[in-house]
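See below for the structure under consideration.
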Amino acid sequence: MAEKAISGDSIAINRRYLDHLLVESRIVGAVRPKTDCSLFGHVFSTPVTTGALSHLQPGMDVFAEGAKRADALCFTGMGPCDELEKVLQTGAKVAKIIKPYADPEEIYSRIACAEQYGAVAVGMDVEHSVNVQDDRDSVVVGYRMKLPTLDELKAYVRAAKLPFVIKGALSVKDALTCAEIGCAGIILSHHNGLMRWAVPPAMLLQDIRKAVGDSLTVIVDGGIADGFDAFKALALGADAVSVGRPLMEPLKEKGADGVSETIRQFTDELKAMMLRTGSPDLKHIDPSVIHPVNW
């Protein structure tokens, strides 16, 4: 019964996969690493971004302040325009991820807000458009969602004056489609297990990177529990990793300090792995240091 209970659990599958990726040491002659990272035209001190979370306490502005203190990109999720304005007033660099609302005006108005208040990027989490157990449109906090057609996605990308990011791509096919319609980036995600039996993002990274080259910024979301996981994703081809759940409790307990301290901890752990693998910077992490094993 225990095996059946976890059967198809994409979160557990992802954890199992990350844990079977081992890392070899290349410390002889290594140098102190740098983790500077360029995302959507801005340079950050770390490739560890926040997840596109919503409805957080003590507030999304406090969440963004924590990201700012760590010099990290802050993704935000669902929320009204006045909340986004308050978030951006912190001075954080923010990428706004918009739900796939059934009413396109909800989408266009939020794109306009992101542009007006100074976001660095905008996007949509297409994976949250349908229910987990059937193909019906989902309802999120009272708003009806709709799976956008490819033509609708093209229109949203064209309407945005900011770099556009698709959250929920989880295949080479989707990555190539996103590049073709003009997206600046993708976030590999199954939205915390919304899709059963989902392939772990890290398993797809090398194929996706080979397919899209440098035409897309590729970010891994979900299951990144520490800087060691982050290193594995970056070694396999990710440009950055997105961290959500590990920030929620620190935010509740210590506010902005909790968020910034956690991101810095992840970054320090990443640096430790980079040092021990002879990786001087993010562009020179050799994927051959990763060894998948079957116990």
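Readers should treat all values here as calculations from the given coordinates under stated rules, not as data from a laboratory. What you see is a predicted model; the values in this text were computed from it and never measured. Note that we place each Cβ from the backbone using ideal geometry, even for glycine, and neighbour counts take in every protein chain shown.
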Please list the non-local residues whose amide H lies under 5 Å from the amide H of Arg144, H modeled 1.01 Å from N, same-chain partners needing a gap of 5 or more. Ala102
Which angle from 0 to 90°, rounded to the nearest 10, does the C-alpha axis of helix 256-276 make with the longest principal axis of the chain? 40 degrees
For Val243, list long-range residues whose amide hydrogen, built 1.01 Å from N in the peptide plane, is under 5 Å from its own amide hydrogen. Thr49, Thr50, Gly51
How high is the relative contact order of the chain, in percent, counting Cα pairs under 8 Å that sit 6 or more residues apart? 26 percent
Derived scalar couplings ³J(HN,Hα) [the stretch 285-295; Karplus, 6.51 cos²θ - 1.76 cosθ + 1.60; whole Hz; x for Gly, Pro]: 8, 7, x, 6, 6, 8, 10, x, 10, 10, 6
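What ranking do 159-167, 86-94 get when scored by the average of other Cβ atoms within 10 Å per residue, highest first?
Those peptides, ordered most packed to least, come out 159-167, 86-94.
How much of the DSSP beta bridge set in the chain is antiparallel, as a percent to the nearest 5?
Around 30 percent of the beta bridges assigned by DSSP in the chain are antiparallel ones.
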Checking the cross-link filter: which lysines have an alpha carbon closer than 27 Å to that of Lys210, excluding same-chain neighbours under 8 positions apart? Lys34, Lys154, Lys167, Lys173, Lys232, Lys271, Lys283
For the stretch 1-99, what's the relative contact order in percent, using C-alpha pairs closer than 8 Å and at least 6 residues apart? 21 percent
Within straight cross-link reach of Lys254, meaning Cα distance under 23 Å, which lysines are found once same-chain residues fewer than 8 apart are removed? Lys68, Lys86, Lys93
Note to self, the chain gives a 222 nm [θ] from helices alone (DSSP H runs n ≥ 4, -39500 (n - 2.57) apiece, / all residues, nearest 500) of -12000 deg cm²/dmol
Just to check I understand the Karplus step: with θ = phi - 60° and J = 6.51 cos²θ - 1.76 cosθ + 1.60, what whole-Hz values come out for the stretch 194-211, glycine and proline as x? 4, 9, 6, 6, 5, 5, x, x, 4, 5, 9, 4, 5, 5, 5, 4, 5, 6
Where does helix 245-254 land angle-wise versus the long Cα axis of the chain, in degrees 0 to 90, nearest 10? 80 degrees
